[in-house]
């Protein structure tokens, strides 16, 4: 399973993006630590959320660079459900606009939960509204914490999740897959099921970007708003009941009861105010906000891509510097079908000219070998003799043609002056080796 596994992504490998979702305490951080091997992932041991921001963890597995995106649950202890929805929706929107698509989603649920209710049900409902129907075939529904529950109880709860439509039954009918997360091997198995899946567009991405809706007008926004309206009605009813009791306490001059009821009224006033602020947040149209140049997540992804590109260029530079003349000729001829006929003729003319010049050079004897010492390789076979061809082609062909031929153009003005092109086109090394003009 781990024959092609690395804690660091590899240059040139394709990327797969997988979101990890679930309520606080479902095991998201544990899963990411097992799969990515990143020991810096903070794992919570109580109900306090460790995932208040959206964070990506990258590694390499089975030929793919994988980014697991950790998301907060809708029962996050640091943020309201509205704030969590705003964060997730904004990240999904900006990722979609930046041509980053998810290959799949892993939704985690603790098998130690006796019942699916409360925040777990709300989180699941919100997840369904975020996804929509079509992307469900790219969803893995994984149960966690099997070691903490008696096997008989765990199997019964697993079957309930599978059979009840309101739980996981309907999603399974639409193509989702159910798995158990028990160790690193199972974590990587879950990842392997998603990395080759076609990329998906979630319902909320379609709504926000393609349909140009406000967050409140999305299915997920409506679900949160319905919950806020329910809470507002409940708090208003409770407040009305407390105010009635407080009037009775005044009539009876019951000061102790007045103090208790006043505290309850203050608490309910705060709750109602909190709900109304969330409603205002939800109504706020983020389309009017100046789009940020980068989110932290996109910055990290771009930084990694840039770093891998730099490494790839350095590897390419070293390879070209080791080539001999004949290998360089084979490289450009393999790609000459991509360039115009006139430039192809100029290329072949220059190859013929340089071949003749190199064939006329006599191999030198190795030093210290005496008059009968063994000869070195012919000049065209010497490592680094590719410079003759690359230097000459730089003069007769445009930069775009050089790129089509598979010969990258490196800046000769890098710090330190040690770049391949600088040494190739007039540097000290070229002079010392008798580079062709």
Next item on the list: Starting with the highest mean, order 23-36, 86-99 by the number of other Cβ atoms within 10 Å, averaged over the residues of each peptide.
Entry: 23-36, 86-99
Check: What spacing in nm lies between the two simple spin-label points modelled at residue 137 and residue 179, each 7 Å away from Cα in the Cβ direction?
Finding: 1.8
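Using 0.36 nm per residue, how much length does the chain from residue 39 to residue 226 gain when fully extended, once their Cα-Cα distance is taken away?
Separation in residues times 0.36 nm, less the Cα-Cα distance, equals 63.4 nm.
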Notebook entry, point to check: In whole angstrom, how long is each semi-axis of the equivalent ellipsoid of the range 159-238, when you take the square root of 5 times every eigenvalue of its Cα gyration tensor and sort them from largest down?
Noted result: 32, 21, 12
Checklist line | Residues residue 159 and residue 233, FRET efficiency given R0 of 56 Å [Cβ-Cβ distance, rounded to 0.05] | finding: 0.95
Checklist line | Inter-label distance, nm, simple model (7 Å from Cα along the C-beta direction), residue 382/residue 326 | finding: 1.6
Next item on the list: Please work out how much length the chain gains when fully extended from residue 399 to residue 152, using 0.36 nm per residue of separation minus the C-alpha to C-alpha distance, in nm with one decimal.
Entry: 82.0 nm
Notebook entry, point to check: Measuring from label point to label point, each 7 Å out along Cα→Cβ, what is the residue 359 to residue 114 span in nm?
Noted result: 9.0
Check: Looking only at the range 245-262, which residues have a backbone nitrogen under 20 Å from a spot 7 Å from the Cα of residue 269 in the C-beta direction?
Finding: 245-251, 254-262
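Any read-out appearing in this document is the output of simple, stated calculations on the displayed coordinates, not a laboratory observation. The shown structure was predicted, so the numbers you read here are calculated from the model rather than taken from an experiment. Reconstructed Cβ throughout: ideal geometry from the backbone, glycine too, with neighbour counts over all protein chains shown.
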